[in-house]
1. Could you tell me whether Leu27 is touching a residue at least 60 places away in the same chain (Cβ under 8 Å) and either on the phi < 0 side of the Ramachandran plot or outside any loop (DSSP other than H, G, I, E, B) (or both)?
2. (1) farther than 15 Å from Leu117 by Cα; (2) of a type in the set (S, T, N, Q); (3) touching a residue at least 12 places away in the same chain (Cβ under 8 Å): which one isn't true of Ser98, the others all being true?
3. Examine the range 1-18 for a residue that is part of a loop (DSSP other than H, G, I, E, B) and either over 20 Å from Lys165 (Cα atoms) or modelled with pLDDT of 85 or more (or both), and state whether such a residue exists.
4. Find the residue count for the range 138-164, including only residues that are farther than 30 Å from Ala108 by Cα and surrounded by 12 or more Cβ atoms within 10 Å (Cβ to Cβ).
5. So Tyr89 fits all but one of (1) modelled with pLDDT of 95 or more; (2) of a type in the set (Phe, Trp, Tyr); (3) more than 17 Å from Glu140 (Cα to Cα); what number is the exception?
6. Considering the range 82-140 alone, what residues qualify as being under 22 Å from Val18 (Cβ atoms) and outside any helix (DSSP H, G or I)?
Amino acid sequence: MTGAMVRNILLLPGGVLVAIPAVVLWLTDGTANSWQLARPDNVWMWVALAVTAAGLGLMAWTMSLFVRVGEGTHAPWEPTRNLVAVGPYRHLRNPMISGVIAVLLGEALLFGSLPVLGWAVIFAAANAAYIPLVEEPALEQRFGEDFRRYKANVPPWLPRITPWKDTGGGTDKDAETGPNGA
């Protein structure tokens, strides 16, 4: 892992998933907006850990695809050179953001924090506006017809049951279906 990749991970997911929730928890400590930290004898702790682990796994998978297939990073200042339409991107256009939202929901459950849940909602809403207004037009400009075909076939937030197979271009790589390309 390069220094640039570490920096990008610390800045983007690190800020969204660690720094902002930590500040929110610190500012709301002892208020009526927070309830008790989930304990091992509470089913919500296990639900929180499962949701968080699933979100982290999805994020790691998508970031690895951005590096290996996209030849870039998740950071907008170091974008991919290739369109990534493999792995979870064959089911959903925004799996990385979905992973981040899952982690935030897991944190809200684990820490028993309505304000962290509020941050998850704000983050989701901001991305629901930013992606179609800014990110997708930029992707259309960079990848042209390949992205338009992908966008027409893969939903942004609710996943397709069957993986999309690109029959019109070179964006589908069946070998790239898992975290290790398997």
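1. On the way: touching a residue at least 60 places away in the same chain (Cβ under 8 Å): yes; either on the phi < 0 side of the Ramachandran plot or outside any loop (DSSP other than H, G, I, E, B) (or both): yes.
Yes: the conditions hold for Leu27.
2. Among (1) farther than 15 Å from Leu117 by Cα; (2) of a type in the set (S, T, N, Q); (3) touching a residue at least 12 places away in the same chain (Cβ under 8 Å), the lone unmet condition for Ser98 is (1).
3. Step one: filter the range 1-18 for residues part of a loop (DSSP other than H, G, I, E, B), giving 1-2.
So of that shortlist, the ones also either over 20 Å from Lys165 (Cα atoms) or modelled with pLDDT of 85 or more (or both) come out as 1-2.
Among the residues of the range 1-18, at least one is part of a loop (DSSP other than H, G, I, E, B) and either over 20 Å from Lys165 (Cα atoms) or modelled with pLDDT of 85 or more (or both), which makes the answer yes.
4. Counting residues in the range 138-164 that are farther than 30 Å from Ala108 by Cα and surrounded by 12 or more Cβ atoms within 10 Å (Cβ to Cβ) gives 15.
5. (3)
6. Asn94, Gly112, Ser113
This table checks each residue for (1) surrounded by 17 or more Cβ atoms within 10 Å (Cβ to Cβ); (2) free of Cβ contacts under 8 Å to residues at least 60 places away in the same chain.
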site	(1), (2)
Pro76	no, yes
Pro79	no, no
Val86	yes, no
Gly106	yes, yes
Phe111	yes, no
Val116	yes, no
Trp119	yes, no
Tyr130	no, yes
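The values are calculated or read from the model by the stated rules, or taken from the named source; none is laboratory data. In this text the structure is predicted, and so the values were computed from the model without any measurement. Cβ coordinates were reconstructed from backbone atoms using ideal geometry, including for glycine residues, and neighbour counts include every protein chain displayed.
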